[in-house]
Amino acid sequence: MIGKEENQTIKDFGDQWKLFQNNTGFYASIDLFEDFCGPLLDISDVKGKRVLDVGSGTGRIVNMLLDSGAKSVVAVEPSDAFQLLKKNTEERSDKVKYFNLPGESIPKEIEVDYAFSVGVLHHIPNPLPTVKRVYEILKPNGKFIIWLYGREGNEIYLKIIKPIKRITSTIPDFLLIGLAFFLNILATFYISAGKFVNLPLQDYINKIFSKLSWKNRQMIIFDQLNPAYAKYYSQEEAERLLQHAGFINVRFHHRHGYSWTVIGIKPKNCSE
């Protein structure tokens with residue numbers, strides 16, 4: 001059952017995606033998708049496969065998967081951004097099956113080869129029911145790839161952002177947009193300074209954040225300040241999350257030293 005905090009987070013993201021609708025440039029590229037996967041998965045592996053995307057938002061990952069050659073994508077999005085998801089993927093809607101519901105409610109009769117959840121599970125207070133449902137609909141030997149905020153590498157950042165977020169998660173969106181705009185100006189100076197000085201999150205700033213458009217950077221800042229709930233996972237917590245759902249051979253990639261890409265496999269011989 002969806003709790004109050006999760007309902008608020010779903011609403012927050014529905015409102016957020018209506019403000020930031022477009023997926024363009026590096027933000028929507030296969031290069032960024034490859035970076036999410038890191039050394040854990042060659043994106044060519046999804047070619048010709050049936051794939052699930054949990055928490056599809058505006059359709060960015062859905063399009064990345066189709067660009068990578070996926071045969072079809074099951075797109076799951078519980079928020080009011082569902083119509084935007086359909087709009088942003090309408091040119092290839094014949095390859096997409098849409099569900100406007102939480103991940104834990106995905107119909108059991110669906111069967112997929114791969115499943116992805118990029119930047120979603122860390123916004124669900126209790127993600128285990130969703131992870132278990134993904135396990136149920138994956139084919140034996142199917143793989144689940146998730147990307148999570150990491151606790152390791154974010155210690156300084158969390159000391160700064162946590163007290164700020166107590167305020168920003170409650171203010172109106174139009175004020176938060178203005179604050180994100182101002183912080184984006186400061187981020188421009190941070191990017192420049194990182195070329196000469198060793199700064200926190202420098203690898204991410206240089207290889208990812210600096211390549212994004214102004215609007216995409218503003219959105220990411222907004223995204224950090226807006227949601228009602230966000231958890232920063234330790235490696236051990238991320239491992240337990242997949243293992244408790246039944247996944248085996250859980251492997252990790254500490255992406256740019258601040259987040260976790262994790263992959264788990266559903267055993268070939270498993271009984272439901």
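The values are calculated or read from the model by the stated rules, or taken from the named source; none is laboratory data. Computed from a predicted structure; not experimentally measured. Please note: Cβ atoms are built from the backbone with ideal geometry, for glycine as well, and neighbour counts cover all protein chains shown.
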Exercise. Is it the case that the stretch 83-95 has a residue that's within 16 Å of the chain's Cα centre (by Cα), at pLDDT 95 or above and either buried (at least 20 other Cβ atoms within 10 Å of the Cβ) or outside the structural domain of GLN21 (by TED's automatic domain parsing) (or both)?
Worked result: yes
Seminar exercise, completed: Looking across the stretch 195-230 at residues that are in a loop (DSSP other than H, G, I, E, B) and without any contact (Cβ under 8 Å) to a residue 24 or more places away in the chain, the single one that is nearest to ILE10 (Cα to Cα) is LEU199
Exercise. Exactly one of (1) more than 22 Å from CYS37 (Cβ to Cβ); (2) among the hydroxyl-bearing types (Ser, Thr, Tyr); (3) out of contact with any helix residue (DSSP H, G or I) (no Cβ under 6 Å at 6 or more places or on another chain) is unmet by THR168. Its number?
Worked result: (3)
For this session: Could you tell me which residue of the stretch 31-48 is surrounded by the fewest Cβ atoms within 10 Å (Cβ to Cβ), considering only residues that are assigned to a helix (DSSP H, G or I) and more than 15 Å from the chain's Cα centre (by Cα)?
Result: PRO39
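Please pick out the residue among TYR204, TYR135 that is in the same structural domain as GLY257 (by TED's automatic domain parsing), crowded, with 16+ Cβ neighbours inside 10 Å and more than 22 Å from PHE82 (Cα to Cα). Explain how you work it out, then say what you get.
On the way: TYR204 fails: in the same structural domain as GLY257 (by TED's automatic domain parsing).
Only one candidate qualifies: TYR135.
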For this session: Pairs only if they're at least six apart or on different chains, beta carbon under 6 angstrom, first in the stretch 233-252 and free of Cβ contacts under 8 Å to residues at least 40 places away in the same chain, second assigned to a helix (DSSP H, G or I) and buried (at least 20 other Cβ atoms within 10 Å of the Cβ); list them, first residue then second.
Result: VAL250/LEU242
Exercise. Restricting the search to the stretch 231-257, which residues are part of a loop (DSSP other than H, G, I, E, B) and crowded, with 19+ Cβ neighbours inside 10 Å?
Worked result: TYR232, ALA245, PHE247, HIS256
Exercise. How many of the residues making up the stretch 102-149 are part of a strand (DSSP E or B), out of contact with any Ser or Thr (no Cβ under 6 Å at 6 or more places or on another chain) and of a type in the set (Ser, Thr, Tyr)?
Worked result: 2
